[in-house]
1. Considering (1) surrounded by 10 or more Cβ atoms within 10 Å (Cβ to Cβ); (2) of a type outside the set (Val, Ile, Thr); (3) free of Cβ contacts under 8 Å to residues at least 12 places away in the same chain, say which one residue 6 fails and leave the rest.
2. Consider residue 100 against the criteria (1) under 46 Å from the mean Cα position of the chain (by Cα); (2) not in a loop (DSSP other than H, G, I, E, B); (3) not small (Gly, Ala, Ser): it satisfies all of them except one. Which criterion is unmet?
3. Please list, ordered by first then second residue, the pairs with beta carbon atoms under 6 Å, 6 or more apart or interchain, first in the stretch 37-63 and surrounded by 10 or more Cβ atoms within 10 Å (Cβ to Cβ), second at pLDDT below 85.
Amino acid sequence: MALIKCPECGKEISSEAKRCPHCGKRLKTPWYKSWIFWTVTGVIIFIAIMISIVIIQMNEGAELARQSEFYQEMDEISEDAKRASSRSESAIEELDEMQDQLDYLLKD
């Protein structure tokens, strides 16, 4: 604890005093006790939280877009498989008809 001079009355006071005991002058508060410090800190934290929320929302939107593309591709594959299946069925029917005709011809 050192002695300093009061900026108002010039008398010696403790460096830890919050007010001058002689004139009552309030001494400078530390920066970390200032309302400006806490206001700026709060604003910075608020902005950081908002940016985090926006990033999370953007990532979720991108994930939904990827899922949508995946399901569209799966639908296209499913349609292709259905078309191939119907072509296979018609080819099998033709083969069955040809087999029936061949059996008929061989019986004669």
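The values are calculated or read from the model by the stated rules, or taken from the named source; none is laboratory data. Since the structure is predicted, the reported quantities are computational estimates derived from the model, not experimental observations. Every residue, glycine among them, receives a Cβ derived from its backbone with ideal geometry; neighbour counts consider all protein chains shown.
1. Result: residue 6 passes all but (3).
2. All conditions are met except number (1).
3. Matching pairs, first to second residue: 37/31.
Let's see how each residue does on (1) at pLDDT 90 or above; (2) assigned to a helix (DSSP H, G or I); (3) under 23 Å from the mean Cα position of the chain (by Cα):
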residue: 13; (1), (2), (3): no, no, no
residue: 16; (1), (2), (3): no, no, no
residue: 24; (1), (2), (3): no, no, no
residue: 29; (1), (2), (3): no, no, no
residue: 36; (1), (2), (3): no, yes, no
residue: 39; (1), (2), (3): yes, yes, no
residue: 44; (1), (2), (3): yes, yes, yes
residue: 52; (1), (2), (3): yes, yes, yes
residue: 59; (1), (2), (3): no, yes, yes
